[in-house]
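For reference, the structure discussed in these notes is given below.
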Amino acid sequence: MNVKLTLEYDGGGFVGWQMQPNGRSVQQVLEGAIARLCGAVVQVTGAGRTDSGVHARGQVASLRVEKRLPLKAWTAGLNALLPDDVACVRAEEVPDGFDARRWARGKRYIYSILQTAVRSPLRRGRVWEIRRPLDVGPMRAAASSLLGVHDFSALRAADCPARTTVREVRRLEIIGDGPRVEVVVEATAFLKHMVRNIAGTLVEVAHGRRAPDSLQALLEGRDRTRAGPTAPPHGLVLDEVFYLPGNSDPRSDGSDE
């Protein structure tokens with residue numbers, strides 16, 4: 001049985017999605033719950049390897065098991081076994097060979113920013129709190145420069161292992177006019193820290209530290225040191241992973257944020 005799971009989690013208590021020798025990962029607790037549910041050791045593949053502190057509303061994982069269970073048993077059983085900061089939202093049976101990572105056609109991330117003079121304990125760990133006011137108009141103007149196919153070397157992590165740095169951003173929208181602003185980014189694939197570096201750079205534009213029309217030159221320069229700071233992880237959510245209808249095989253390559 002080939003299974004596709006849609007997951008929601010609070011990334012605050014994890015070292016990230018991927019199994020790590022020195023900390024608690026989402027993959028670790030999910031595989032542990034599946035082993036208890038199915039009575040067998042199973043390895044799962046995640047659509048995106050979210051970093052430590054990054055949340056997910058629509059992470060997708062795939063796995064193959066010999067034991068056949070009703071789909072309702074997958075959601076009910078896993079949610080009874082998973083810790084409170086992870087939930088299985090949906091389970092689907094998918095074609096043989098389905099791979100949550102390789103078959104993804106794109107992802108949507110949302111980065112949340114809150115302009116507030118006083119810290120907000122109730123929203124702590126969910127937004128990047130900014131003390132200075134945000135001028136959203138220049139942010140929107142700057143964001144348009146990042147749409148389309150570009151080399152995003154200037155907006156990736158210094159240790160990003162991707163073989164190619166060219167990505168296609170299909171949507172980059174600034175939602176809200178304050179005090180809460182969301183940076184919504186959809187792309188076929190992402191580089192490590194790409195969304196967080198976009199958010200950090202756009203905040204510099206919103207504060208008047210760089211011109212909205214400077215981002216084209218930033219991309220052309222391909223120099224990470226010339227971009228803005230990496231926004232903190234807790235403002236970021238993996239919102240949705242896109243697949244072809246019927247979860248069919250696109251034979252595509254997918255990197256992650």
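General remarks:
- Degrees, to the nearest 10: 71-81 long Cα axis against longest axis of the chain: 70 degrees
- Label positions at Asn22 and Thr225, each projected 7 Å from the Cα along the C-beta direction, are separated by 2.6 nm.
- Since only Ser112, Leu122, Leu146 are under comparison, the one whose Cα sits farthest along the positive direction of the charge dipole of region 106-239, derived from C-beta charges on Lys, Arg, Asp and Glu, is Leu122.
- D (Stokes-Einstein, µm²/s), Kirkwood Cα radius, the chain, 1.306 mPa s at 10 °C: 84 µm²/s
- Within region 105-246, the proportion of Cα pairs with more than 18 Å between them is 53 percent.
- Residue exposure sequence - Ile198, Ile130 - by fewest surrounding Cβ within 10 Å: Ile130, Ile198
- A straight Cα-to-Cα reach below 18 Å connects Lys4 with the lysines Lys67, Lys72, Lys107, residues fewer than 8 places away in its own chain not being considered.
- Each Lys and Arg contributes +1 and each Asp and Glu -1, all at the Cβ; summed about the Cα centre of region 106-239, the dipole is approximately 440 debye.
- P(r) of region 2-103 over all Cα-Cα pairs, binned every 10 Å from zero, in whole percent: 17, 54, 27, 2
- Residue order, fewest to most surrounding Cβ atoms within 10 angstrom, among Lys4, Lys107: Lys4, Lys107
- Remark: Phe14, Phe98 ranked as Phe98, Phe14, counting other beta-carbon atoms within 10 Å and listing the fewest first.
- Angle of helix 26-38 to the longest C-alpha principal axis of the chain, folded into 0 to 90 degrees and rounded to 10: 20°.
- Whole-Å semi-axes of region 68-160's equivalent ellipsoid (Cα gyration tensor): 36, 24, 12
- Angle of helix 194-206 to the longest C-alpha principal axis of the chain, folded into 0 to 90 degrees and rounded to 10: 30°.
- Under a 5 Å amide H cut-off, with hydrogens placed 1.01 Å from N, Glu129 pairs with Leu114 among residues at least 5 apart or on other chains.
- Surrounding net charge for Gly246, when Lys and Arg each add one and Asp and Glu each subtract one, Cβ distance under 12 Å: -2
- Overall form of region 63-121 per C-alpha gyration tensor (a/c, 1.5; a/b vs b/c): oblate
- Local net charge near Val41, Cβ-Cβ under 14 Å (Lys/Arg +1, Asp/Glu -1): +1
- Legend: calculated FRET efficiency, Ala35 to Thr116, from the Cβ-Cβ distance at R0 = 41 Å, rounded to 0.05, equals 0.40.
Since every read-out is calculated from the coordinates, none of them should be taken as a lab result. Treat the numbers as computed from the prediction; the structure is a model and nothing was measured. A quick note on method: Cβ atoms are made from the backbone with ideal geometry, for glycine too, and the neighbour counts reach across all protein chains shown.
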